[in-house]
1. Quick one: K345 ticks every box in (1) surrounded by 14 or more Cβ atoms within 10 Å (Cβ to Cβ); (2) at positive phi; (3) of a type outside the set (S, T, Y) bar one, so which box is it?
2. So if I check each of F248, F264, which one is farther than 23 Å from A291 by Cα and either without any contact (Cβ under 8 Å) to a residue 40 or more places away in the chain or in contact with a strand residue (DSSP E or B) (Cβ under 6 Å, 6 or more places away or on another chain) (or both)?
3. Considering only residues that are under 11 Å from V368 (Cα atoms) and open to solvent by less than 10 Å² (accessible area, probe 1.4 Å), which ones fall in segment 256-287?
4. Evaluate segment 282-289: report whether one residue or more is closer than 25 Å to R312 by Cα, free of Cβ contacts under 8 Å to residues at least 60 places away in the same chain and not in a helix (DSSP H, G or I).
5. Would you confirm, using the coordinates I've provided, whether R246 is surrounded by 13 or more Cβ atoms within 10 Å (Cβ to Cβ) and either in a helix (DSSP H, G or I) or not aromatic (F, W, Y) (or both)?
6. Restricting to segment 219-237, what's the tally of residues that are at pLDDT 90 or above and among the acidic types (D, E)?
7. Determine which single condition T306 fails, assuming it passes every other condition in (1) within 41 Å of the chain's Cα centre (by Cα); (2) more than 11 Å from I269 (Cβ to Cβ).
8. I'd like the full set of residues that are among the charged types (D, E, K, R) and either at pLDDT below 85 or touching a Lys or Arg at 6+ places or on another chain (Cβ under 9 Å) (or both), limited to segment 34-91.
Amino acid sequence: MKSILRTAFMTNQYNEERFRRVRVIENINRLHLATKMYIFIISWFMIVNLLFRPYEVETMFLYIIVYGLFIIVNLIFLIAFRPEKFRRSSRSNVVGYYEKVVLSYILISMVLGSMISIIDMIQYEHVMVFMMNMIICSGFFLTTSRQMIVPIFVSTAIIIIGLFVIDAYEDMLYKLSFYNIALFVPIAIFASKVLYNAYCESYATNLRLKQEKEKNQLLNQHLKEANRQLEIQASLDELTKIANRRGFYYHLNELHQTYEGQPFDMSTIMMDVDHFKRFNDYYGHSPGDDALVKIAKELRKVAEDTDGFVARWGGEEFIYVAHGKSTEQMVAICQRVQVAIRALKIPHAHSEVSDYVTLSLGATIAKVADQEDIQTCIMSADKILYEVKIEGRNDFKYDV
């Protein structure tokens, strides 16, 4: 059994101290239940014995004292050692202290049971309380064989000595008592060992199951995080590191869910880098990529400052979307975008509208309620952008 627990402790974050604490909590709960059982059982034994076969006066007082002492001991343990007191205890060695409490209770209960059985043997010629104690304590509490052997040995020695002291060991009933003792003591030791081993195996199994559960939970967290990262990567434009078209639609879906399917005002700006093909042909694709990265960075700043969202629509096209914006606010955003891009002063020797890279913008505001309305709004902004490009580029137009 030690090897089973040792293996469990080596392969799990919980150590032997944790096992002892869990076992003590279980034993304290069982002690609390056992005290109630004993108080009822011993009280019932005493009442029935006194009513149906009264003792002689001298014996009766001794009988009441011993039975009363047993009840008082159980009341003390019931009140003084409640499970909640263990959990609130601030003792540095609370586990070791309560282990001693449990073992003390077992020893005291079995000793008092032996004393009661000696008196019962004189009057009733049975050792029922001794046997009952042996069965309850060995089959109820979780103790090692070494811990249980002491109270069993002491209580058994007391009752055997008591039987010899009353000089009746030749009587058949006393021989029967010795027979019962010889029968029940090994059974009690065996039952205690089997119960404790079964508990240890169950504990070790639960540790392994908990470990597997924690591993699976950690693995699931890693998988969720990996999936989240993949989702993020799949929604980002590899070059500019802003959202791509997939990320844009994902954002719109979240926006739509925010309004719980109710219509809302959607502001859209379609943007296109003026004469970007000529820029690539003249400067090369690498400078062209650098220009797109710089433009995307400025557009992200504008989006963050205006509670909007920007994405790379494809090639040299970008799209900005927001909700709840007025016409004046949309005009201001378009102007800010143009100023920000011009401020970059990216040379463009083959542009027909400026010496630097510029943007053309088409903006619209529309009330949308479903995906079809959203697509209509985007197409409307794209149409307005086309008009700007036809009319000379490096400008913006809007429609509401």
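The values are calculated or read from the model by the stated rules, or taken from the named source; none is laboratory data. No experiment lies behind these values; they were computed from the predicted model shown. Note that we place each Cβ from the backbone using ideal geometry, even for glycine, and neighbour counts take in every protein chain shown. Just the protein is used for accessible areas: all its heavy atoms, side chains included, with ligands, DNA and RNA removed. Shrake-Rupley method; radii C 1.70, N 1.55, O 1.52, S 1.80 Å.
1. (1)
2. Exactly one residue qualifies, and that residue is F264.
3. F264, M266, S267 - these are the residues of segment 256-287 that are under 11 Å from V368 (Cα atoms) and open to solvent by less than 10 Å² (accessible area, probe 1.4 Å).
4. yes
5. So R246 passes the test.
6. So the count comes out to 1.
7. (2)
8. R53, E56, E58, R82, E84, K85, R87, R88, R91, listed by residue number.
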